[in-house]
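Where a number appears in this text, it was derived from the coordinates with a stated rule and is not lab data. Quick caveat: nothing in here was measured; it's all calculated off a predicted structure.
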Amino acid sequence: MGFINQAKANEAERQAADAHAEGRSVIVFKIIEANAGSRNTGIMRGVGEQIEAVERQGWALDTMTAAEGKALSGERTALICLFRRR
């Protein structure tokens, strides 16, 4: 995993731990992958690692939705992930 994806996973895990400490039962994460066009099939680099990082803190992915769009630096895929406490 590259440096940026590792940093994103670390931050996701930190935020998930903080939400648990605050007593939250539901959290919503926005995960963005760069340069993932709709014509590409394959692993979304960094996305699985961020989901795994949140789940290590006792959360379970419940629902996910995706959207694609353009940003200043190119195409982006955004995943909105709803997690619940296990």
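Please find, in a Gaussian network model of the chain (springs between Cα atoms separated by less than 10 Å), the residue of GLU49, GLU75, GLU13 whose mean-square fluctuation is greatest. Greatest mean-square fluctuation among the candidates belongs to GLU75. Bin all alpha-carbon pair distances of the chain at 5 Å intervals from 0 and give each bin's fraction as a whole percent. Final binned percentages: 3, 15, 25, 23, 18, 10, 5, 1, 0. Comparing ALA67, ALA16, ALA53 in a Gaussian network model of the chain (Cα springs below 10 Å), the most mobile by mean-square fluctuation is ALA67. Mean-square fluctuations from a GNM of the chain, with a 10 angstrom spring cutoff on Cα atoms, peak among ILE27, ILE51, ILE43 at ILE43.
Taking the 0 to 90 degree range and rounding to the nearest ten, how far is the long axis of helix 3-21 tilted relative to the main principal axis of the chain, both from C-alpha atoms? Once rounded, the angle reads 30 degrees.
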